[in-house]
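The values are calculated or read from the model by the stated rules, or taken from the named source; none is laboratory data. No experiment lies behind these values; they were computed from the predicted model shown. Here the Cβ positions follow ideal geometry from the backbone for every residue, glycine too, while neighbour counts run over all protein chains shown.
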Amino acid sequence: MLNEWVKSPTLIEHSLAVEAVMRRYALEYHQDPLKWGITGLVHDFDYERYPEPGPGGHPFAGSLVLESLAWPAEMREAILAHEAYTRVPRASLLAKVLFVVDELTGLVRVLAHMHRGRGGLGAVTVEEVLERIGDPRFFRALSRENLEIGLEALQMEPERHVAICLGALKAAWRRARRPGAPEAGRL
């Protein structure tokens, strides 16, 4: 589905990053890593075709497609709720985690690209991510307000969230670079 709907390498990288972190959070909360990972993987699949927010756009259009394919309601609701403008309540743990994971993965990817030639993602630290979160001039696409709301809903400290996200992304990056591993995104 992702390959059919998404052509942008950047959006594919983002989707793979969110998938990796969602799988890690599933283990953290004793949930199904496959279900959580797939939810993360497809959460933005409709964005290129329907980029406008609103009833006919992202993520509403994608949710209708998933509904027509009989995807579970919890996954569709989490995907709808990952965008604050939808005003869909983040009632499930899956929805709460997807909301806060989506916010942070973009920032980590930007930092990894900044460290190209110096270790990439491997050179990014929890302290650096926290410092960049605290600098509103850096990566303005990050909604610090949404990050704060999401962390409050999970009753989680920013340091813990960053450590989980960064750990999951680094583990996925290492797996993708193993000898014999299939070609993968850069994360």
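Anything in the stretch 60-110 that is more than 19 Å from residue 2 (Cβ to Cβ) and over 16 Å from the mean Cα position of the chain (by Cα)? List them, or say none. Spell out the reasoning first.
Quick first cut of the stretch 60-110, residues more than 19 Å from residue 2 (Cβ to Cβ) only: 73-74, 77, 81, 84-93, 95-97, 99-100, 103-104, 107-108, 110.
Correct list: 73, 74, 85, 86, 87, 88, 89, 91, 92.
Can you tell me which residue in the stretch 67-96 is farthest from residue 34 (Cα to Cα), limited to those that are among the basic types (Lys, Arg) and in a loop (DSSP other than H, G, I, E, B)? Break it down into steps so the answer makes sense when it comes.
Filtering the stretch 67-96 for residues among the basic types (Lys, Arg) gives 76, 87, 90, 96.
Okay, now just the ones that are also in a loop (DSSP other than H, G, I, E, B), so 87, 90.
Details: 87: 26, 90: 20 Å.
Looking at the filtered set, the residue picked out is 87.
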*Assuming residue 122 fulfils every condition listed in (1) small (Gly, Ala, Ser); (2) modelled with pLDDT under 95; (3) within 19 Å of the chain's Cα centre (by Cα); (4) assigned to a loop (DSSP other than H, G, I, E, B) apart from one, which condition is it?*
(4)
*Find the residue count for the stretch 130-152, including only residues that are farther than 14 Å from residue 108 by Cα, part of a helix (DSSP H, G or I) and out of contact with any Pro (no Cβ under 7 Å at 6 or more places or on another chain).*
6
*asked:* Which condition from (1) within 23 Å of residue 150 (Cβ to Cβ); (2) crowded, with 17+ Cβ neighbours inside 10 Å is the one that residue 34 breaks?
replied: (2)
_In the stretch 82-106, the residues that are surrounded by 21 or more Cβ atoms within 10 Å (Cβ to Cβ) and closer than 20 Å to residue 12 by Cα_ = 82, 97, 98, 99, 100, 101, 102, 103, 104, 105
